[in-house]
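The values are calculated or read from the model by the stated rules, or taken from the named source; none is laboratory data. Computed from a predicted structure; not experimentally measured. Glycine gets a Cβ as well: all are built from the backbone with ideal geometry, and neighbour counts include every protein chain shown.
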Amino acid sequence: MSTRILALTTLYNNHHLLCELLRLFHHDLTEKPNGILLSYVAVPLILSTNSRHSLMHAKSTSCLRTFCNKRENIYGLNEVATLNKRRINLAIQYGLNNGTLAIASNLAIVSSSHNRDGITLTRDFEKACKSLSRFLTPHDVVTAYRMLGVMSL
């Protein structure tokens, strides 16, 4: 039984999959100064079942404020973002080494338009990435962090 749990943990913490998730998220997001910091809140929001469901079924008129009104979407985000910091750093490093991600001089992440690994995510994750990118596009990094309730990493 413990080998199954270890295998699930390894699969869930796979930086190859997280890199593809970050590539999709940053591909639709406009380039922002310090945009690398948005990765640390994007991954937990997209991986969480409650917030992913809300992102998938968001209307085209929805925004970050309406997403945050449903408290279960952002509950515990500060702690989860801090716990996942190492995993997200590995995924960003893998993307930089692989060439799917690049960091601009203003610390914005620039994403390549194509996937070099051949890893595909389900439509749920793709739709959640696009919705979250759309929600975060009009806001700068500090405003997005404040609205999501993240005080520090």
Exercise for the section: Please list, ordered by first then second residue, the pairs with beta carbon atoms under 7 Å, 6 or more apart or interchain, first in region 52-70 and in contact (Cβ under 8 Å) with a residue 12 or more places away in the chain, second of a type in the set (Val, Ile, Thr) and outside any helix (DSSP H, G or I). Expected result: CYS68/ILE74
Problem - Members of region 26-55 that are in a helix (DSSP H, G or I) and of a type in the set (S, T, N, Q) - result: SER39, THR49, ASN50, SER51, SER54
Handout entry: Cβ pairs under 7 Å, 6+ apart, first in region 97-114 and without any contact (Cβ under 8 Å) to a residue 12 or more places away in the chain and within 11 Å of GLU31 (Cα to Cα), second among the basic types (Lys, Arg) and outside any strand (DSSP E or B)
Key = none
Problem - Residue in region 107-126 that is more than 13 Å from the chain's Cα centre (by Cα), among the aromatic types (Phe, Trp, Tyr) and under 15 Å from PRO44 (Cβ atoms) present - result: no
Exercise for the section: Tell me, please, whether a residue that is surrounded by fewer than 18 Cβ atoms within 10 Å (Cβ to Cβ), in a loop (DSSP other than H, G, I, E, B), of a type outside the set (Phe, Trp, Tyr) and in contact with a His (Cβ under 7 Å, 6 or more places away or on another chain) can be found in region 142-152. Expected result: no
Practice task
Filter region 120-140 down to the residues that are within 20 Å of LEU18 (Cβ to Cβ), touching a residue at least 12 places away in the same chain (Cβ under 8 Å) and hydroxyl-bearing (Ser, Thr, Tyr), then identify the one that is surrounded by the fewest Cβ atoms within 10 Å (Cβ to Cβ).
Solution key: THR120
Handout entry: Yes/no for TYR145 being among the aromatic types (Phe, Trp, Tyr) and within 26 Å of SER60 (Cβ to Cβ)
Key = yes
Problem - Considering residues of region 68-126 that are among the aromatic types (Phe, Trp, Tyr) and either more than 20 Å from VAL141 (Cα to Cα) or part of a helix (DSSP H, G or I) (or both) only, the residue modelled with the highest pLDDT - result: TYR94
Exercise for the section: Consider ILE74 carefully, then state whether it is surrounded by 14 or more Cβ atoms within 10 Å (Cβ to Cβ) and touching a Phe, Trp or Tyr at 6+ places or on another chain (Cβ under 6 Å). Expected result: no
